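No value in this document is a laboratory result; all are computed from the given coordinates. In this text, all values refer to a predicted model and were calculated from it rather than measured experimentally. With ideal geometry, Cβ positions are generated from the backbone for all residues, glycine too; neighbour counts draw on all protein chains shown.
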Amino acid sequence: MSSRPTLALVPGEPAGIGPELVVRLAQQPRTDCHLLAYADPHTLQQAAHALGMPLHLLPADSLARQPGELPLRPIPNAVHSRFGQPDPANARAVITALLQAGADCLAGRLDGVVTGPVHKAAINAGGIAYSGTTELLAEQAGVDVVMMLANPGLRVALATTHLPLRAVPDAITAALLEQV
């Protein structure tokens, strides 16, 4: 087995930019990691066609060796997606892809998860209470997390997330700041 890490690649909203980003990543030979997509195969093929790029989907236990090859764990959408038109019917597939990738990390089969943008309103409209991917995966793992933005000169930990601005002053307490 290779010493390179294996990362889940979850495109997020099938009608968004995520599928195109996944297809573009598949075009570049990887020497740093192995990628395993968790997505709807039709959506990825549709994105490849729109970009005019080759895409050869492989079984999940395969390794990509050529540009355009991508191992896939298929997560079918409920309905075909149209770029730019999120459909709440696909909310369950988006969440399933995230949770399956998370479960495979927790089981030690993967080393990390890379996610594309998720359309929160479409997921909520699909009947799933969802505030964000970080919160979803933290709940799955049974851990508390802190979101942090970092660069070589500055690190900022977020005390609150996903709140209306008017709710922030009431949410910030000494105990919360100490915990974060």
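Among 15, 47, 39, which is the only one that is surrounded by fewer than 24 Cβ atoms within 10 Å (Cβ to Cβ), of a type in the set (Gly, Ala, Ser) and in contact (Cβ under 8 Å) with a residue 24 or more places away in the chain?
Among 15, 47, 39, only 15 is surrounded by fewer than 24 Cβ atoms within 10 Å (Cβ to Cβ), of a type in the set (Gly, Ala, Ser) and in contact (Cβ under 8 Å) with a residue 24 or more places away in the chain.
Against the definition (β-branched (Val, Ile, Thr) and more than 20 Å from residue 18 (Cα to Cα)), how does residue 114 come out, yes or no?
Judged against the criteria, residue 114 is not a match.
Picking from 113, 118, which residue would you name as being in contact with a Cys (Cβ under 9 Å, 6 or more places away or on another chain) and of a type outside the set (D, E, K, R)?
Answer to the check: 113.
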